[in-house]
1. If you line up the Cα atoms of the range A:2-75 on their principal axes, what length do they span on each, largest first, in Å?
2. Which distances, shortest first and in nm, link B:R30 to the matching position in the other copies, using label points set 7 Å out along Cα to C-beta?
3. Label A:D191 and A:V212 with points 7 Å out from Cα along Cα→Cβ: what is the distance between them in nm?
4. Build a GNM of chain A with springs between Cα atoms under 10 Å: which of A:D112, A:D151, A:D169 gets the top mean-square fluctuation?
5. Percent of Cα-Cα pairs more than 19 Å apart in the range A:102-218, please.
6. Volume per residue, Å³, of the convex hull around the alpha-carbon atoms of chain A?
7. Check cross-link reach from A:K54 to the lysines: straight Cα distance under 18 Å, and skip same-chain residues fewer than eight apart.
8. So for the pair B:S159, B:Y39, with labels modelled 7 Å out along Cα→Cβ, what separation do we get in nm?
2 protein chains.
Amino acid sequence: MSDINHLASIAALLGDPARANILVALFDGRALTAKELAYAAHVTPQTASGHLGKLFEGGLLTMEKQGRHRYFRLASASVAQMLESIMAVTDTQPPRPWRGGEGLRNARTCYDHLAGRLGVALASFLMDAGHLVLSSDGGEVSASGLAFLRDFGAEPGPSKRVFCRPCLDWSERRPHLAGRVGAALACRCFDLGWIRRQRDTRALAVTAEGRVGFQARFGFDASFGQ
Amino acid sequence: MSDINHLASIAALLGDPARANILVALFDGRALTAKELAYAAHVTPQTASGHLGKLFEGGLLTMEKQGRHRYFRLASASVAQMLESIMAVTDTQPPRPWRGGEGLRNARTCYDHLAGRLGVALASFLMDAGHLVLSSDGGEVSASGLAFLRDFGAEPGPSKRVFCRPCLDWSERRPHLAGRVGAALACRCFDLGWIRRQRDTRALAVTAEGRVGFQARFGFDASFGQ
DNA sequence: GGAATGATGCGGCCAGCGCCGAAGCGTTAC
DNA sequence: GTAACGCTTCGGCGCTGGCCGCATCATTCC
């Protein structure tokens, strides 16, 4: 009883377009200020402030003050996964024409890991090389995969068995690599300067070093025909 | 742009208490009539009809006419997973006192698999016996586990590698067994008559045969102290 | 055919909520 | 100190949307 109302109240928070825009803007895991989020949601700062208060109250966001700025970010990975699962539903629906930018299709972040053609290409390479097994239900990194990741500088952690969470890509409709392994891989690619975030979009830019690096290490052309 | 509005519209569908009640009532995968759902949502049939129309229009439900009845069920497993992930968020939040029935804590269905103490106990047995490895990120059935399941009559499918999706239990806070394997296991337990659905609740009843069977096969007491 | 039942359509009521303008508070910059 | 900036609170407007009573249609039972 009470928890169903709680479910509904959480969902109602996501149900307003302005708040949905705010959450999606934060979906890549960054922390943004109230003003930036107001811009992202296409509302005035006052209105955004109200929404942010509700989202914070609802436990979906965390906030930290820094001088006269307030930085907001998603409260946890489970919030990101919730957004992900809703996007999965919006996508399994009538094949509505996708009018988003081509940049988002190529490469984007999905909270803490990589998605789009880049994410799928990475996962494909690892699978083809026998480093990874992935299905819709789960996945696992092999011994050779663990060595490969370690050599690449993306050690996923100390646990003996390294499972991964697959994440169905809404643009490519193929699973890509999420979970600890996906996060470590994405983090390393940022560190190497292979990919860079862009302003005002979740789309990622593959740098010149990145194109060379992905070709050399992972054997695919990260320009995706551009 | 357009897909964010779509996300918001889906979330708005879940954001109304009456619709949330309808979806949760359908969460165990059964098909229910419009009247039953009106009762579950605590609204009149007219109101429920409106809600069902919206949910159907939004692609969250499927409907089939049978005589003068209309049976509704969740449109897909991805809808169930969406609900699951929202429940996960509602639960990772302030440790609000749980006022639900004790029956639900013991055994319930989670769309197509088993949850509650029963679900966790099953997963624990399989893990202790070396039949299953499960973490928060993923899981896998071992060769011995595959043989065990086959012998039990719950063959999960022909694929060489059998991964499982873990599902964080909101009452036990431990992962239990979802995905194809979880569904096959639950299905077999129903077939054997070990568990039975109850009216007007997602809670399951463990039958006398079930208590004997779970004790013999899985080595735990399925009465859970009752 | 007639009555009962399940489901839907319509009209009207009303609460709730999103929105912005104006004003207030706190911090930073000069 | 003064000004600029970021953010929040308050108040009022306007509209969406949930709810039910009543009526209608379709199906089944007798």
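Here, each number is a calculation from the coordinates, and none is a lab measurement. Please read all numbers here as calculations on a predicted model, not as lab measurements. All Cβ positions, glycine included, derive from the backbone under ideal geometry; neighbour counts span all protein chains shown.
1. Sorted from largest, the Cα extents of the range A:2-75 read 38, 22, 22 Å.
2. From this label point to the equivalent ones elsewhere in the assembly: 4.9 nm.
3. 2.0 nm
4. The residue with the greatest mean-square fluctuation here is A:D151.
5. Numbers: 2679 of 6786 pairs.
When all Cα pairs of the range A:102-218 are counted, 39 percent exceed 19 Å.
6. Details: hull volume 35.2 nm³, N = 226.
With only Cα atoms used, chain A gives 156 Å³ per residue.
7. A:K35, A:K65
8. Once both label points are built, they end up 3.9 nm from each other.
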